[in-house]
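Just below is one structure, and these are the notes that go with it.
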Amino acid sequence: MRIAESELIINGDGSVFHLHLRPEELADNVILVGDPGRVDILAEYLEDKEFRHASREFVSVTGKYRGKRITVLSTGIGTDNIDIVMTELDALANIDFQTREPRPDHRTLRILRIGTTGAIQPDIPLGSFILTHVSIGNDGLLNWYADRDNICLPDFEEAYKEHVGWNPHLPDPYFVKSSEELIRRFEDCTVKGMTISAPGFYGPQGRVLRVGLSMPDMVEKFESFSHAGYRITNFEMEASAINGLAAHLGHESATVCCAIANRHLKNSNTDYQPQVRKLIELALEKLTD
């Protein structure tokens, strides 16, 4: 099946449209960060750096850590950007840019997002590292793709909607597990997380400034929800789409975040960069162990 030029746009230099990466520049290990500035922090730890590309919010570097090749890429904020990032990463790995056809041999990427998050449980202190074992997509992105039920957890979804009193005007939520292999690498040094990915920072995460919420008690309902040994631990804005598209496309994925706010305790830490650097060091060690 040849993919039309309008569906997969390839730049004149042979790079994919948004990310400006060429297939040979992509490593099997990929670290995603939201903040473009965080790419350069991660790059400090890499040797044999091959390039630095920048296009809009998408900044990328490929280099080596402990002799293992790693690509670091910024995504910007939100699952809409993740739709671009995950689709184009898979295209780089699994589509021949010359013939515009899928490659016969599937290449699996190991994709880890490192970010910041807001905890919602009172026993998760600021500075904790939360590993998303299960992602909750309040964003609705995965519902645009066929066969979403093949990779989702329907019993979680139904229990969640009933417990929360889900507003029918909102997109159907979806639940997707992270990579078991990545969970094993990080579970001994992180909080076990079930993470909500919200389609916004304010209302979709229960913040009220001048406009009220369609589900006024939703944060309390999220905090009290549990199912099959999991409880909701934190909010962020990308993990669900990463897990969902990775599962669809045959890649390994997980998200690990540093808690810089606690919504239950109503506290936050704006001086969180030292903790994020510790998380980066931990992630590099665990990925290359």
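Below is a table of values for the structure above.
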read-out: Across LYS49/LYS177; LYS192/LYS221; LYS177/LYS266, pairs whose alpha-carbon gap is larger than 25 Å; value: LYS49/LYS177; LYS177/LYS266
read-out: For the range 80-129, convex hull of alpha carbons as volume per residue, Å³; value: 107
read-out: Longest to shortest principal axis, alpha-carbon extents of the range 25-152, angstrom; value: 52, 41, 27
read-out: Inter-part distance where the range 187-229 and the range 127-163 are each reduced to a Cα centre, Å; value: 13
read-out: Cα radius of gyration and Dmax for the range 1-83 (Å); value: 13.3, 41
read-out: Sites SER224 and HIS169, calculated FRET efficiency, Cβ-Cβ separation with R0 22 Å, nearest 0.05; value: 0.45
read-out: Segment PHE201-LYS278, extension gain: residue separation times 0.36 nm, minus the distance between their alpha carbons; value: 25.3 nm
read-out: Carbon plus sulfur fraction of accessible area for the chain, probe 1.4 Å, in percent; value: 50
read-out: Cα-based helix-to-principal-axis angle, 273-287 vs the chain, degrees rounded to 10; value: 60
read-out: For ILE232, distant residues with modelled amide H under 5 Å away; value: PHE225
read-out: DSSP beta bridges in the chain [antiparallel fraction, %, rounded to 5]; value: 45
read-out: Bins of 10 Å, starting at 0 and running to the largest distance - Cα pair percent for the range 247-289; value: 22, 36, 29, 13
read-out: Karplus 3J(HN,Hα) series, Hz, for the range 216-227 with 6.51 cos²θ - 1.76 cosθ + 1.60 (x for Gly, Pro); value: x, 9, 5, 5, 5, 5, 4, 4, 8, 7, 8, 7
read-out: In Å, descending, principal axis extents of the Cα set of the range 145-289; value: 45, 41, 26
read-out: Acute angle (nearest 10 degrees) that the helix 154-164 long axis makes with the longest principal axis of the chain, alpha-carbon atoms; value: 40
read-out: Under 12 Å from the Cα of LYS68 - aspartates and glutamates, other chains or at least 8 residues apart; value: ASP28, GLU47, ASP48, GLU285, ASP289
read-out: Quotient of C-alpha Rg and 2.2 N^0.38 Å, computed over the range 207-289; value: 1.37
read-out: DSSP bridge orientation in the range 177-289 - percent antiparallel, rounded to nearest 5; value: 50
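The values are calculated or read from the model by the stated rules, or taken from the named source; none is laboratory data. Here the structure is a predicted model, which is why all the values come from computation and not from measurement. With ideal geometry, Cβ positions are generated from the backbone for all residues, glycine too; neighbour counts draw on all protein chains shown. Heavy atoms of the whole protein, side chains included, go into the accessibility calculation; ligands, DNA and RNA do not. Shrake-Rupley method; radii C 1.70, N 1.55, O 1.52, S 1.80 Å.
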